[in-house]
Each structure stands twice: as structure tokens, then as C-alpha cells.
1. Skip the ligands, DNA and RNA, and give the accessible area per residue of the chain with a 1.4 Å probe, whole Å².
2. Please give me, ordered by residue number, the trypsin sites (Lys or Arg not before Pro) of the stretch 10-61 that lie in loop per DSSP and have at most 12 other Cβ atoms within 10 Å.
3. With 5 Å bins from zero, work out the P(r) of the chain over every alpha carbon pair and list the percent per bin.
4. List the GluC sites (Glu not before Pro) in the stretch 1-50 that DSSP assigns to loop (not H, G, I, E or B) and whose Cβ has at most 14 other Cβ atoms within 10 Å. Which are they?
5. What's the magnitude of the charge dipole for the chain around its Cα centre, counting Lys and Arg as +1 and Asp and Glu as -1 at the beta-carbon? Answer in Debye, nearest 20.
6. Taking amide H atoms as placed 1.01 Å from N in the peptide plane, list the residues 5 or more away in sequence, or in a different chain, whose amide H sits under 5 Å from that of LYS36.
7. Find out how many positive minus negative residues lie around SER68, taking Lys and Arg as positive, Asp and Glu as negative, among other residues whose Cβ is under 13 Å from that of SER68.
8. Sticking with the crude label model, points 7 Å out along Cα→Cβ, report the distance from LYS59 to SER31 in nm, one decimal please.
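The values are calculated or read from the model by the stated rules, or taken from the named source; none is laboratory data. On a predicted model such as this, the values are computed, not experimentally measured, just so you know. As a convention, Cβ positions derive from the backbone with ideal geometry for all residues, glycine included, and neighbour counts pool all protein chains shown. Note: accessible area is taken over every heavy atom of the protein model, side chains too, but ligands, DNA and RNA are not part of it. Shrake-Rupley method; radii C 1.70, N 1.55, O 1.52, S 1.80 Å.
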Amino acid sequence: MTEKEYLEFKNLISIGEEFNFYYKNDEYWISHNPGKSYLSRTRDQYSQEFNGYEELFEKATIEGIKFSEIYPELKW
């Protein structure tokens, strides 16, 4: 995912869109509902919950790496 795509991705999540994306060989799901945001791995349904999409993009991790640091490796 390019930086431009990442910014578009964040914007779409902020208005309530939900997406699946891939990192390495795993599929993930990301969503934002009023007050809560989620990042989940579909293989085992491991999920992280956050108080809004801003917190998700600041604190979410995949394999111990911040989401914001690995976006170039994500397939959207």
C-alpha cells in the first residue's frame, strides 16, 4: 500500500467503511463504528479493540509491529 492509499484507507475507515486486507499470508479485517474500532485477524479471529479509529491507527499492532509502520507491506 502506498502512502497515498494509506491516507485514503484511514479516511474511509474514519467514515465507517470496513475492509479486509492482507499482511504476509494472513487476512485481516478493520472497522470503525461510533466509539469503537477493531482490527482482527480472520484465521483465528484474534481481535484488538480501540476507542476510535485514531487510537487504532496509533496503537494497533500486527506481529508486534505498529500498524502505521507496516502499511507499505499491506495488500488492500
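1. On a per-residue basis, 62 Å².
2. LYS24, ARG43
3. 3, 16, 31, 31, 15, 3, 0
4. Those that pass, being in a loop and sparsely packed, are GLU17, GLU18.
5. About 80 debye.
6. Distant-sequence amide H within range of LYS36: GLY52.
7. My count for the surroundings of SER68 gives -3.
8. 2.0 nm
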